[in-house]
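Enquirer: Provided herewith is a single structure, encoded as structure tokens, for subsequent inquiry.
The values are calculated or read from the model by the stated rules, or taken from the named source; none is laboratory data. Note that the structure is a prediction, hence the values are computed from the model and not measured. Every residue, glycine among them, receives a Cβ derived from its backbone with ideal geometry; neighbour counts consider all protein chains shown. Each accessible area value is taken on the protein alone, full model and side chains, heavy atoms only, with ligands, DNA and RNA left out. Shrake-Rupley method; radii C 1.70, N 1.55, O 1.52, S 1.80 Å.
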Amino acid sequence: MKNTDIHRLLSRYYETWAGINAAYDRIAARCGVTSNVLYLLDTLYCAEAPMTQSEIGARLGLPKQTVASMVSTLERRGYAVREVAKDDHRRRHVLLTDEGRAYAKPLSETVCAFEQAAFERMEPDERLALVETSEKLQKALNTVLDSAQN
């Protein structure tokens, strides 16, 4: 494949990625929050185990300062607390309060319904191919980055 072909495909990919982000921005705006706050609330609401700010940042691809600022805002509103981890007193978990869970629930359900409706517009094999190809791209990008460090 020629470089120009790769550049055209990458351009289409970037436009698609930006369009997906814009769709999430629109759903967040309908919910009255930013997309980052929507992602944070959804992550905390759906978390199977308590998470630290670092774990949240890694999951969402956000800088520590951004996560800390958003968590502080949620704390001021009574939606979240930071608690010392029982197994390691150096770690602090971010947890939703009961009020925070009540606030996050309809937002999380809205995101889930939005994503499910979008996925239902695709054939099952297309959904699987999308996820598997995205995973393959993620691994390839990290392999390239890792090999560039050596």
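Enquirer: Scan the range 88-111 and give yes if some residue there is open to solvent by 50 Å² or more (accessible area, probe 1.4 Å), in contact with a Ser or Thr (Cβ under 6 Å, 6 or more places away or on another chain) and closer than 18 Å to residue 56 by Cβ, otherwise no.
Expert: There is at least one residue in the range 88-111 that is open to solvent by 50 Å² or more (accessible area, probe 1.4 Å), in contact with a Ser or Thr (Cβ under 6 Å, 6 or more places away or on another chain) and closer than 18 Å to residue 56 by Cβ.
Enquirer: For the range 84-106, what are the residues that are of a type in the set (A, V, I, L, M, F, W, C) and over 18 Å from the mean Cα position of the chain (by Cα)?
Expert: At the first step, the residues of the range 84-106 found to be of a type in the set (A, V, I, L, M, F, W, C) are 84-85, 94-96, 102, 104.
Across the range 84-106, the qualifying residues are 84, 85, 102.
Enquirer: Still on this structure, please answer the following. Could you check, for the range 125-132, whether at least one of its residues is of a type in the set (Lys, Arg), loosely packed, with under 14 Cβ neighbours inside 10 Å and either without any contact (Cβ under 8 Å) to a residue 40 or more places away in the chain or within 21 Å of residue 42 (Cβ to Cβ) (or both)?
Expert: If we filter the range 125-132 for residues that are of a type in the set (Lys, Arg), which is where we start, we get 127.
The next check asks that each one be loosely packed, with under 14 Cβ neighbours inside 10 Å; those that pass are none.
So far as the range 125-132 goes, no, none of its residues is of a type in the set (Lys, Arg), loosely packed, with under 14 Cβ neighbours inside 10 Å and either without any contact (Cβ under 8 Å) to a residue 40 or more places away in the chain or within 21 Å of residue 42 (Cβ to Cβ) (or both).
Enquirer: Of all the residues that make up the range 53-83, how many are more than 15 Å from the chain's Cα centre (by Cα) and either of a type outside the set (A, V, I, L, M, F, W, C) or open to solvent by 70 Å² or more (accessible area, probe 1.4 Å) (or both)?
Expert: Number satisfying all stated conditions: 11.
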